[in-house]
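Participant: Please read through the structure below; I'll follow up with questions.
The values are calculated or read from the model by the stated rules, or taken from the named source; none is laboratory data. If you're wondering where the values come from, they're calculated on a predicted model, not measured in any experiment. Using ideal geometry, Cβ is built from the backbone for each residue, glycine included, and neighbour counts are taken over all protein chains shown. The accessibility values were calculated without ligands, DNA or RNA, using every heavy atom of the protein model including side chains. Shrake-Rupley method; radii C 1.70, N 1.55, O 1.52, S 1.80 Å.
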Amino acid sequence: MMKEAKGKRIVVFLDYDGTLSPIVNDPDLAFMSDEMRGAVREVSKYFPTAIISGRSRDKVKEFVKLDNVYYAGSHGMDIMAPPEQLTSDGKHRPQALDRKGNEGSFQPAKKFLPAIQEIFTALEEHTRKIKGARIEDNRFCVSVHFRQVREEDYDILKEKVKSVLESYPDFRLTWGRKVMEVRPCIEWNKGHALEYLLEHLGLSNSSDVLPLYIGDDRTDEDAFKVIESRGQGYPIVVSSVAKDTKARYSLKDPKEVHMFLSHVARWKKASSPFNRSSAQIVGIDD
Ligand SMILES: O=P(O)(O)OC[C@H]1O[C@H](O[C@H]2O[C@H](CO)[C@@H](O)[C@H](O)[C@H]2O)[C@H](O)[C@@H](O)[C@@H]1O
């Protein structure tokens, strides 16, 4: 991988849950370790880095706590650039992310916000009596967690969710890891977000760009597909078991993700001319 990447421009895309943080029962407690944060910080010093999550953008930023990365929340339906970006030629990249050049975040599903809030309230009401069910407001989508729901209650929960959605034909249901995700029927997913960010970085048409995407869930497959169709880059699935995936590489768990990111950052640091000794630069120790 490192051989192929030499001289190319790597852009790093990272999913959050199950990738940067281990899966836990309570979604509010899915913290990222300080070591993992340090590895992401290191990587982001050398490569443009984006976190693309199903969570709300604010929530994932609250967990990651880094200022110099892009955040794409709600499966890429809410994208925000870091406050200031320096391009490789030392110029400042504008923060604007929408196509009209306005500052702020890019939100292709904005018109669905009132309906999504109604859906959130309705789901809370209808599932209140199901022990262990948990509704999470992810801003442009809503998660219905069933990790802690008894097996015999699962079908009841699913029916309740479907019955709420009958009144909202503009929304669809997808499944993740013990979670149902309600999202607007727009053609926008993590793959589109990846393409959008490459475009924002001015790298979408460069033949020497290698997007690296690490994710563990079904929604990450859309991003893997985009990398595969570009014919360059590294789609990496996080899984301890063999699974049907478009990813070409795999890491077992967040611990391996941490090791991999640290390694990539160290490799880049070592190969950067500013980090080589003057003896190495003039070539006397070759
Ligand atoms: O795209 P992601 O960042 O992977 O978001 C997908 C969902 O992740 C979270 O749920 C998952 O992690 C929880 C904490 O470990 C776990 O309890 C849950 O069972 C998993 O599905 C998040 O809470 C959801 O809102 C996201 O949709």
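Participant: Can you find, among Ile130, Ser163, Leu173, the residue farthest towards the positive end of the dipole of the range 110-184? Put +1 on the C-beta of Lys and Arg, -1 on that of Asp and Glu.
Facilitator: Value: Leu173.
Participant: Quick one: accessible surface of Glu42, probe radius 1.4 Å, all protein chains present, in square angstrom to the nearest 10.
Facilitator: 60
Participant: Quick one: plug the Kirkwood hydrodynamic radius of the chain (C-alpha pairs) into Stokes-Einstein at 37 °C, 0.692 mPa s, and report D in µm²/s.
Facilitator: The diffusion coefficient I find is 164 µm²/s.
Participant: Please work out how much length the chain gains when fully extended from Ser33 to Glu256, using 0.36 nm per residue of separation minus the C-alpha to C-alpha distance, in nm with one decimal.
Facilitator: Working: separation 223, 0.36 × 223 = 80.28 nm, distance 1.31 nm.
Extra length from Ser33 to Glu256 when fully extended: 79.0 nm.
Participant: Computed over the Cα atoms of the range 185-224, what is the convex hull's projected area averaged over all directions, in nm²? Walk me through the intermediate numbers first.
Facilitator: Details: hull surface 12.8 nm².
Convex hull of Cα atoms, orientation-averaged projection: 3.2 nm².
Participant: What per residue convex hull volume, in Å³, do the alpha-carbon atoms of the range 110-184 yield? All intermediate terms of the calculation are to be shown ahead of the outcome.
Facilitator: Details: hull volume 5.5 nm³, N = 75.
Value for the range 110-184: 73 Å³ per residue.
Participant: Report the charge-dipole magnitude of the range 110-184 in Debye, nearest 20, computed about the Cα centre from +1 at each Lys and Arg Cβ and -1 at each Asp and Glu Cβ. Numbers along the way, then the final one.
Facilitator: Values: 16 positive and 13 negative charges, 56 e Å.
The calculated dipole for the range 110-184 is roughly 260 debye.
Participant: Which whole-number percent is the relative contact order of the chain (Cα, under 8 Å, 6+ apart)?
Facilitator: Values: 487 pairs, mean separation 53.4, N = 286.
Answer for the chain is 19 percent.
Participant: Counting only heavy atoms of protein chains, what accessible area per residue, in Å², does the range 110-184 have with a probe of 1.4 Å?
Facilitator: For the range 110-184, the per-residue accessible area is 57 Å².
Participant: What's the carbon and sulfur percent of the chain's accessible surface, probe 1.4 angstrom, rounded to a whole number? Let's see the in-between values first.
Facilitator: On the way: 7050 of 14700 Å².
Carbon and sulfur together cover 48 percent of it.
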